[in-house]
Amino acid sequence: MNLTASGLLFFAFAVLTLGAGTAVALVREPVRAALVGALCFVGVGLLYLWLGAEFLGFIQWLVYVGAVAVLIVFVILLTRREDAGGETEGGRFAGLRVLGGLGVALALFGALAAAVLGSGSLYREVPEEPMVLEIAALGRELVAGAVPPLILVGVVLTVALVGGVTLALVERKPDA
Amino acid sequence: MAVDLLIVVGKALAVVVVLMGLCAYTVLAERKVSSWIQNRVGPNRTTLPVIGAIPVLGPMLTRLGLFQPMADGLKFLFKEDILPGHVNKVYYMLAPVIALVPALLTVSVVPFGQYVDADGVTRPLILANLDIGILFIFAISSLGVYAIILAGWAANSKYPFLGGVRASAQMISYELAMGLSVLPVFLWINTPGAPATLSLVAVVDAQAGAWFVLLMPLSALIFLISIFAETNRAPFDMPESESELVGGFHTEYSSFKFGLFFVAEYAHMIVGSAILVLLFFGGWHPLPWLTLADLGLAGGVLGGVLSTLVFLAKTLLVVFFFIWVRWTVPRFRYDQVMRIGWRMLLPLAIANLIAYVLFLAWWVTR
């Protein structure tokens, strides 16, 4: 296997993503964990960009880094306790907890690995020309094949939005 | 290969240098305009040894304060850089860097002019002509909020923390309205079935006739208000409101680190103004229904220079509008900011989008 600049970039992005992901689980302070979580999302976006999927990559940044992760950080900042952190040291079932965590992690990894190996995409020929992802093609794919789930997700999001606005609306009674 | 790379680096450097220069002189404009609005004189003492001594020109430039930005820049560079003992050092150092990076990245997909080359092909002047330009801008500028959150949190101090929390809530709130207000523009320039684009160059090309501010004034208004909120400019400067939070998220910063935040704010403002001009005010077209090509001035170097000048003039007019508003309108209360964002702008933006979707659907199937 010959390492090209492109291959090196891939490894850099992969190490960044995996490293940040591991750090999320290992860092003790919630705010730091959320921040490295954002870094992990950045890494995933970089991997999309490396694959030539610009649209997906920037959507990943816009939605996950720019909105979801900000929301998580924001909520943690608002609800933080000064005395939090450090309390999980030791404890009665420390060994059991570690085992449980490892078990869940292994099961998840197994499921993901099975899905990737089962899809057969590992053995597909790599096209010579970089694939150009047209936004229109992406939209057609989404609208043609996946209309019911798309509408469902849309309805759920709209309900969430309306709920949020309603919560904001009822907070105050008329003043005078 | 190496030469191409050098040319790209050179272009990027040129754009960044121009942007930084614009930032410095926007600061001066802010000080001068504010002092004129408040019936003061503003900076009028700073001078240079040789140029200041030229008989008529020197005193005039001095009185206009044209040398002030250099003094300010040097001050930021050479002041003592205080590192408070109570901060999270790594994140504290990282925050100002993260503040400046999105501002400098977004400018790379902002087209600032175009010319017709010898073969009659129209070429835009832009660092990276991405097909998904506007998406890139939204994605990168949404990272800017991390600088403020990091600064507020890492400073480990009350007022910066409050500023950081305010800023993140505000930016999330107004991002929605901003994104929704831009959608009608891209629905308008793309027809169903044909290859689609999110490129800013295409938006300007589509405004050779009517500008989008005339076709969709509500979108333009919502976008303008959202830009004010996203750049934390008055009347939306809650995150750094000096009468409540000392300096907000940058209270604990000094010297060059503060300078980075300061420059980033102005860079955001300039890039935001540029995007407003590109989306709604016809980009480098001098007047609605009148392009440089109509005047026969679009060819070669002249076309490039003229279109850049027209674009810059419009952008600076919007920047002036930003400054004018800051020194005229009082700051909102925080609950007012949230109410404007969620109860007024967001429903308005959704209604606006639905209206244009229905109209365009009728227009296409007509």
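Readers should treat all values here as calculations from the given coordinates under stated rules, not as data from a laboratory. These numbers were taken from a predicted model, which means no experiment stands behind them. Note that we place each Cβ from the backbone using ideal geometry, even for glycine, and neighbour counts take in every protein chain shown.
Just from its helices, what would the mean residue ellipticity at 222 nm be for the protein assembly as shown, if runs of 4 or more DSSP H residues each count -39500 (n - 2.57) and the sum is divided by every residue, rounded to the nearest 500 deg cm²/dmol?
After summing the helix terms and dividing by the residues of the protein assembly as shown, the value is -21500 deg cm²/dmol.
Using a ≥ b ≥ c from the Cα gyration tensor of region B:1-116 (square roots of the eigenvalues), is it rounded, prolate or oblate, where a/c under 1.5 gives rounded and otherwise the larger of a/b and b/c decides, a/b for prolate? If you can, show how the numbers build up before the last one.
Numbers: a/c = 1.98, a/b = 1.21, b/c = 1.64.
Since a/c reaches 1.5 but b/c is at least a/b, the shape of region B:1-116 is classed as oblate.
Between B:TRP363 and B:ALA208, what's the calculated FRET efficiency when r is the beta-carbon distance and R0 is 25 Å? Round to 0.05. For R0 = 25 Å, the calculated efficiency reads 0.85. Specify whether the C-alpha gyration tensor of chain B places it in the rounded, prolate or oblate class, a ≥ b ≥ c being the square roots of the eigenvalues: rounded for a/c under 1.5, otherwise prolate if a/b is larger than b/c and oblate if not. In terms of gyration-tensor shape, oblate.
Scan region B:1-42 for trypsin sites (Lys or Arg not before Pro) in coil per DSSP, keeping those whose Cβ has at most 12 other Cβ atoms within 10 Å, and list them by number.
Numbers: sites: B:LYS11, B:ARG31, B:LYS32, B:ARG40; in loops: B:ARG40.
Qualifying residues, ordered by number: B:ARG40.
Evaluate E = 1/(1 + (r/R0)^6) for A:ALA107 and B:MET93, where r is the Cβ-Cβ distance and R0 equals 30 Å; express this FRET efficiency to the nearest 0.05. All intermediate terms of the calculation are to be shown ahead of the outcome.
On the way: r = 40 Å, r/R0 = 1.32.
Efficiency, rounded to the nearest 0.05: 0.15.
If R₀ is 45 angstrom, what is the calculated FRET efficiency for the pair B:LEU290 and A:VAL155, using the beta carbon separation as r and rounding to 0.05?
On the way: r = 46 Å, r/R0 = 1.03.
After rounding, the FRET efficiency stands at 0.45.
The length gained by stretching the chain between B:ILE350 and B:PHE78 to full extension, at 0.36 nm per residue less their Cα-Cα distance, is 93.0 nm. Residues considered: B:PHE311, B:PHE258, B:PHE322. Largest GNM mean-square fluctuation over chain B, using C-alpha springs under 10 Å, is found at B:PHE258.
Hydropathy first: keep DSSP H helices in chain B averaging at least 0.0 on Kyte-Doolittle, then drop any whose Cα extent along the axis falls short of 20 Å, and list what survives.
Working: long enough: B:2-37 (51 Å, 1.62); B:89-106 (27 Å, 1.62); B:158-189 (47 Å, 0.93); B:255-280 (38 Å, 1.68); B:300-326 (39 Å, 1.96); B:346-365 (29 Å, 1.88).
Membrane-span-like by this criterion, though nothing is claimed about a membrane: B:2-37, B:89-106, B:158-189, B:255-280, B:300-326, B:346-365.
With a/c under 1.5 counting as rounded, go ahead and sort region B:250-366 into rounded, prolate or oblate using the C-alpha gyration tensor (a ≥ b ≥ c being the square roots of the eigenvalues; past the cut-off, prolate if a/b is larger than b/c, else oblate). Please list the in-between numbers first.
Values: a/c = 2.72, a/b = 1.15, b/c = 2.37.
Since a/c reaches 1.5 but b/c is at least a/b, the shape of region B:250-366 is classed as oblate.
Calculation over all alpha carbon pairs of region B:235-314 in 10 angstrom steps from 0 returns a P(r) of 16, 31, 20, 18, 12, 2 percent.
Scattering from region A:1-81 was approximated by placing one identical point on each alpha carbon and applying the Debye formula without solvent; log10 I(q)/I(0) at 0.17, 0.24 1/Å stands at -0.69, -1.06.
Want the number for B:LEU317 to B:MET60: 0.36 nm per residue separation, take away the alpha-carbon distance, what's left?
On the way: separation 257, 0.36 × 257 = 92.52 nm, distance 2.31 nm.
Taking B:LEU317 through B:MET60 to full extension adds about 90.2 nm, to one decimal.
If you place +1 on the Cβ of every Lys and Arg, -1 on the Cβ of every Asp and Glu, and leave all else neutral, what size is the dipole of the protein assembly as shown about its Cα centre, to the nearest 20 Debye?
Values: 31 positive and 32 negative charges, 265 e Å.
So the dipole magnitude of the protein assembly as shown works out to roughly 1280 debye.
Each residue, B:GLN336 and A:VAL116, gets one label point 7 Å from its Cα in the Cβ direction; the gap between the two is 5.4 nm. Note on the protein assembly as shown: the C-alpha convex hull projects to 34.3 nm² when averaged across all orientations.
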